[in-house]
Each structure stands twice: as structure tokens, then as C-alpha cells.
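Right, one structure below, let's go through it.
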Amino acid sequence: MPGQGLRKGALRKGAPFALCLLLPPQAGAALCEANRLDEQVVVGYVYDGDTVRLSDGRKLRLIGVDAPEIGRDKGPDEPFAAQARAALSAWLAESPHLGLRYDRERTDAYGRVLAHAYLANGDNVAARLLVRGLGVSLVVPPNVRGAECRRAAERAAQAGRLGVWSLPSHQPLDAVRLTAQTAGFRRIDGVVSRVGERQGDLWLHVGPRLRVHIPRTARDLFQVGPDQLMGVRLHVQGVVKPGRRSSYMRVQHPTALEIITQ
């Protein structure tokens, strides 16, 4: 399906992504609904838009969304962090119950439960935040279920410049304008000038200074060869880490790296 990332045979003009993905769901349909639920839980406390404490004491990290951070140690909140937390708190005030659908990994490196979470009406919590611009999509293999649906919700918010997508830092930036001071989450458009491979990892040089790293653990998800990427214009989004000579971005799923033109 067009607009879902890099696929074989998809190297063509893709700027007008499939408009059907941006349309609201049919009346009564849940947003990115689950095919099954593995556990029912009760939320006791909301830390921020993507992390809650369950009534049994476990901490749950929602799969699929990176919500803005609430400030720590009296530091400032990131933009729209309070709105994301308030939105999730309001939805849970209607019913504190969540349905959990597990993916490949059930816990993260911090011991938190990892799961797709669903509200009482069947809506995926991450997708509901994304469609309102209260976070950015986050896909970390091997937990990739439903990534395309959540990306469609995010595109709708980007098209409407909702929430975080109203911020100057979240507007598309041409790769030629990237500087050594550019850091944090960015949406970059640019032409692939060089493609390299090292120990199974794929490196795309986009514009004069951005290196996009696709790790070997994620290569199979992209389903496209290095020779198909030379000279294409891409849209890539993720966290930019600046360096003196070049900047770095790690991309682990096709929904974060899409072809604009061949």
C-alpha cells in the first residue's frame, strides 16, 4: 500500500500518500483495534502520555508512541507533555481499565511491561494520541505490530499541524539546511547521495551531512536493496544526533523512511 514505507516496487513518486489512510474510521469502528487482548488491567497512576503505573504496581510503557516528556527535577516540560498526560488521564477517568495486547517482547530494559494498550471502546491508546498530535510514532523491532495504522494516524495529525506538528522543530527540513547545531526530533527531506554497507548495516548519506543508519536487525523489514536507493529523494524522521562533520539518525522501521521521488 502506498505511503507505508520502503517496499519492493514502490520506488515511484509517493508524495500524495494514499488519502484513504488519512480519512477517519467508519462510525463506531475502533482506532487501530486489536485482533485479540491478552490481559485486562487497571491503571492506578499516569506518569505521562506513554507510561502508567498499574494497580498491581507494575509500570507499563505503551508500544507505538513517544509522548513528550514531563519535566524532571523541576525542569520544564517538553511542549505538549502536559496535554498528552491530561488527555490520557481524561480517557482513563471514564474507565481505568486497559486491554493489553502483547507483542514479541513483554518487558523493556528497565523492567517495564511493554504492550499495545486499548481503551474500553477498543481504541489503541497510542493511535489516539498520535491522531491528536500528542506524540510521535515510535517503532522498535521486534515489536512492530500495527505500525502502519499508527503511522496513518500520525500523518493525519501532521496534515492538520496538530499538537507537536505545529512546532517549528517538527516542520519538514531540507537536508541541505541541516547544520551541526540541528538536534532532536526532525523530519528531513533529501536526496541519497551515497549508500554503504558495513557488517550487514545499511548507511544512507542524505544531503551533505546526514547519515541514516538502518541496522542489520531491521534490514528485512525494508524489503529494498541498496542499489534501489541511490539518487532517490527521501523523507526520513527521527532523532538527529549532531556531529562536527556529519549528523546521525537511526531508523528501524519503513514507516519512518519513505520515498518522495525516484
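The values are calculated or read from the model by the stated rules, or taken from the named source; none is laboratory data. Nothing here was measured: the structure is a model prediction, and the numbers come from that model. We place every Cβ from the backbone using ideal geometry, glycine too, and count neighbours over all the protein chains shown.
Looking only at region 64-115, residues that are in contact with a Lys or Arg (Cβ under 8 Å, 6 or more places away or on another chain) and on the phi > 0 side of the Ramachandran plot come to 2 in all. Applying the selection to region 128-150, what residues are among the charged types (D, E, K, R), under 10 Å from the mean Cα position of the chain (by Cα) and within 15 Å of His170 (Cβ to Cβ)? Across region 128-150, there are no qualifying residues. Inclusion of Val240 among residues that are among the aliphatic types (A, V, I, L, M), surrounded by fewer than 18 Cβ atoms within 10 Å (Cβ to Cβ) and assigned to a strand (DSSP E or B) is not warranted.
The condition of being under 18 Å from Arg85 (Cβ atoms) and either over 12 Å from the mean Cα position of the chain (by Cα) or in the same structural domain as Val251 (by TED's automatic domain parsing) (or both) holds for Leu119. The set of residues from region 125-152 being in a loop (DSSP other than H, G, I, E, B) and either at pLDDT below 95 or touching a helix residue (DSSP H, G or I) at 6+ places or on another chain (Cβ under 9 Å) (or both) comprises Arg132, Gly133, Leu134, Gly135, Leu138, Val139, Pro141, Pro142, Val144, Gly146. Within this structure, Ala115 passes the test of being of a type in the set (Gly, Ala, Ser), under 15 Å from Glu33 (Cα atoms) and surrounded by 14 or more Cβ atoms within 10 Å (Cβ to Cβ). Scanning region 46-85 for residues that are without any contact (Cβ under 8 Å) to a residue 12 or more places away in the chain and touching an Asp or Glu at 6+ places or on another chain (Cβ under 6 Å) yields Gly71, Glu78. Here Leu21 meets each of (1) of a type outside the set (Lys, Arg); (2) touching a helix residue (DSSP H, G or I) at 6+ places or on another chain (Cβ under 6 Å); (3) at pLDDT 95 or above with one exception, condition (3). The residue that is nearest to Phe185 (Cα to Cα), among those in region 63-85 that are surrounded by 14 or more Cβ atoms within 10 Å (Cβ to Cβ) and of a type in the set (Gly, Ala, Ser), is Ala67. Considering Val176, Val192, Val224, which residue is surrounded by 17 or more Cβ atoms within 10 Å (Cβ to Cβ) and free of Cβ contacts under 8 Å to residues at least 60 places away in the same chain? The conditions single out Val192.
Test Leu114 against the criterion of being at pLDDT 95 or above, touching a strand residue (DSSP E or B) at 6+ places or on another chain (Cβ under 6 Å), among the hydrophobic types (A, V, I, L, M, F, W, C) and over 25 Å from Trp165 (Cβ atoms), and give yes or no. So Leu114 fits the description; yes. Considering only residues in region 191-230 that are part of a loop (DSSP other than H, G, I, E, B) and at pLDDT 90 or above, the one that is nearest to the chain's Cα centre (by Cα) turns out to be Pro215. Scanning region 153-190 for residues that are in a loop (DSSP other than H, G, I, E, B) and aliphatic (A, V, I, L, M) yields a count of 5.
Filter region 197-211 for residues that are within 15 Å of Met230 (Cβ to Cβ) and either without any contact (Cβ under 8 Å) to a residue 12 or more places away in the chain or in the same structural domain as Val131 (by TED's automatic domain parsing) (or both) and give the result. The answer is Trp203, and nothing else.
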